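Take a look at the structure set out below.
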Amino acid sequence: MKNIILVAGATGSLGEKICRELLSRGANVRALVRTGSKPEKIKVLRDAGIEIFSADYNDASQLTTACSGVSCVVSALAGLHEVIVEAQSQLLDAAVDAGIPRFIPSDFCTDYTQLPEDCNRNFDLRKTFSRIAENRPIRLTSVFNGAFSYVLRFGIPLLNQKDQSIAYYEGKTDWKIDFTSLEDTAAFTAAAALDDSAPRFLCIAGFRASPEDFVALSEKVFGTPFRLEHNGTLDQFKETIEKVRKAHPEGEHELYPAWQQMQYLYSMFAAHHQELDNDRYPDLSWQTAEETLR
């Protein structure tokens, strides 16, 4: 019998890619979609051969029914406390009630176990859920992929194409930052969902690059080496973020306010993966930094 994998958040970009990667590996895929999800997004999933379960997360019986017969739940949910902690906990409880052996939470970020509280609001939500989940009788596997590589095309300070500059913080010019494409993250997660021996934490990076590496890369891709720009110390950056956050309390209700984006940059320089699990599934290939920028 084929594995049945339930994917929550399947109408999102990462969730849909995980579904397709699972299908390519011969799994039966069940997409859990919220009541009221856009019909056109559901149609795309159904046309791909994915079983659709629509459920109200506040209805435990609906969630438990959706989990029936599943071998692993993959959560690709995105949001704030009401999603990452509350809705994901409701899904977790349904998975436990249905006797599902494994759960992959919606972590998909830098290894937050290395980071203290209050340096990244969105990571803190995942830590909160992790503490809840680790007290449930179910096996967990978190996939830490570093930063999604597409952010490098958005003109962030780390690689500012407009100003042709590369930000760094004191003592961090050679600090390796982990990046993985959405596609590669989805492929690895699908493989992990079908791997009954997957451990608690898996760390991946499609490529790792330091500010110094980006200087050479910018010359190769754009024809001119971008200049390194010293942005002070990480402690100073953290203080700046705290001031911006305090000045913009409305951002507490937004997924990516300006100060949260700054927190992501801070996290890139505050933690990276000590060891990589890229080779765990040898059939995978990885998008390079040059491919990302081109």
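For the stretch 11-21, the set of residues classified as open to solvent by 50 Å² or more (accessible area, probe 1.4 Å) and either in contact with a strand residue (DSSP E or B) (Cβ under 6 Å, 6 or more places away or on another chain) or not in a helix (DSSP H, G or I) (or both) is empty.
Filter the stretch 231-269 for residues that are among the aromatic types (Phe, Trp, Tyr) and under 23 Å from the mean Cα position of the chain (by Cα) and give the result. Within the stretch 231-269, Tyr256, Trp259, Tyr264, Tyr266, Phe269 qualify.
Residues that are β-branched (Val, Ile, Thr) and out of contact with any Phe, Trp or Tyr (no Cβ under 8 Å at 6 or more places or on another chain) were ranked within the stretch 213-271; the one that is farthest from Ser149 (Cα to Cα) is Thr240. Scanning the stretch 85-95 for residues that are touching a strand residue (DSSP E or B) at 6+ places or on another chain (Cβ under 9 Å) and either among the aliphatic types (A, V, I, L, M) or surrounded by fewer than 21 Cβ atoms within 10 Å (Cβ to Cβ) (or both) turns up Ala87, Leu91, Leu92, Ala94, Ala95.
Residue count for the stretch 85-100, restricted to those that are touching a helix residue (DSSP H, G or I) at 6+ places or on another chain (Cβ under 8 Å) and outside any helix (DSSP H, G or I): 2.
Evaluation of Ser89 against the conditions (1) under 21 Å from the mean Cα position of the chain (by Cα); (2) closer than 19 Å to Ala27 by Cα shows that the sole unmet condition is (2).
The residue that is farthest from Glu82 (Cα to Cα), among those in the stretch 92-113 that are among the polar types (S, T, N, Q) and touching a Ser or Thr at 6+ places or on another chain (Cβ under 6 Å), is Thr110. Scanning the stretch 191-217 for residues that are in a helix (DSSP H, G or I), in contact with a strand residue (DSSP E or B) (Cβ under 8 Å, 6 or more places away or on another chain) and either open to solvent by 20 Å² or more (accessible area, probe 1.4 Å) or of a type in the set (A, V, I, L, M, F, W, C) (or both) yields Ala192, Ala193, Glu212, Phe214, Val215, Leu217. The condition of being open to solvent by less than 10 Å² (accessible area, probe 1.4 Å) and among the aliphatic types (A, V, I, L, M) does not hold for Ala98.
The values are calculated or read from the model by the stated rules, or taken from the named source; none is laboratory data. As the structure is a prediction and not an experimental result, all values here were calculated from the model. Every residue, glycine as well, gets a Cβ built from its backbone with ideal geometry; the counts of neighbours run over all protein chains shown. Side chains are part of the model used for accessible areas, which takes the heavy atoms of the whole protein and leaves out ligands, DNA and RNA. Shrake-Rupley method; radii C 1.70, N 1.55, O 1.52, S 1.80 Å.
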